[in-house]
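These notes are about the structure you will find just below.
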Amino acid sequence: MKVRIREAVVDDMPEVAEICCLTGYMGESIEGRFSDRVLFAELFVLYYLRNPEEIALVAECGGRVVGYCVGTADGVVQQRRFQENQLPLIKKRMLMKTIWRYPRDFLKVLRWSRLKGDDQAKIDDQKFPAHLHMNVHPDFQRPGIGKQLLSRFCKASAERGAGGIHIKTSTRNQSAIGFYLRNGFRESHRKPARQP
């Protein structure tokens, strides 16, 4: 199977959003967990395709996007751009559509935003300024596509001056943890599970 890794373009958004919804919930589908597919993609992936300052790559096979790796070489600057460029789109979606059609999703996003602010896992932004989000369509998850995407992302972030990359995931996503460990990453810390 011939796979081509290339820079993402805005026209890739529908396929990237679909892959995000199929695999973006700790490696699993959002089905039954999050109903507003548009909002989910806006929260986690579409920002990177809209902002050329960031790194956005896709894996293409037979003219079809089958995976993506998006992120930034500078997380501090990216957070500011996200607040300025993406957050207004997210708020608009939440207030115009999500709160009325998907109230459970609305409450989930509010809860996630509070948890993010309370995150005790601090990253050394000087040593590991880059971060990424990567997902591959379930039908294409074994032939090395993730490794090719990761390799290309590492090269692109290094070319932009990033000395290191950090990734946040959950212990629930064991396949992702194994993948990153096999590809040269190491676990720096583990946050204890929250009590109910």
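Scanning segment 129-160 for residues that are farther than 18 Å from TYR48 by Cβ and in a loop (DSSP other than H, G, I, E, B) returns GLN141, ARG142, PRO143, GLY144.
List the residue pairs whose Cβ atoms are under 7 Å apart, where the first residue sits in segment 90-110 and is in contact (Cβ under 8 Å) with a residue 40 or more places away in the chain, the second is surrounded by fewer than 18 Cβ atoms within 10 Å (Cβ to Cβ) and not in a helix (DSSP H, G or I), and the two are 6 or more positions apart or on different chains. From segment 90-110, the pairs are TYR102/SER35; ASP105/SER35.
With the requirement that a residue be on the phi > 0 side of the Ramachandran plot and touching a Lys or Arg at 6+ places or on another chain (Cβ under 9 Å), what does segment 1-45 give you? Within segment 1-45, MET26, GLY27 meet the criteria. Residues considered: LEU22, LEU49, LEU57. Of these, the only one that is touching a residue at least 40 places away in the same chain (Cβ under 8 Å) and under 19 Å from LEU89 (Cβ atoms) is LEU49. The residues on offer are VAL76, VAL136, and the sole one that is hydrophobic (A, V, I, L, M, F, W, C), touching a residue at least 40 places away in the same chain (Cβ under 8 Å) and closer than 26 Å to LYS2 by Cβ is VAL136.
Just so you know, in segment 135-180 the residues that are of a type in the set (Val, Ile, Thr) and in contact with a strand residue (DSSP E or B) (Cβ under 7 Å, 6 or more places away or on another chain) include one that is surrounded by the fewest Cβ atoms within 10 Å (Cβ to Cβ), and it is ILE167.
Each reported figure results from applying straightforward, stated rules to the coordinates on display, with no laboratory input. Just so you know, these numbers come straight off a predicted model, no measurement behind them. Here Cβ is always computed from backbone atoms with ideal geometry, including for glycine, and neighbour counts include all displayed protein chains.
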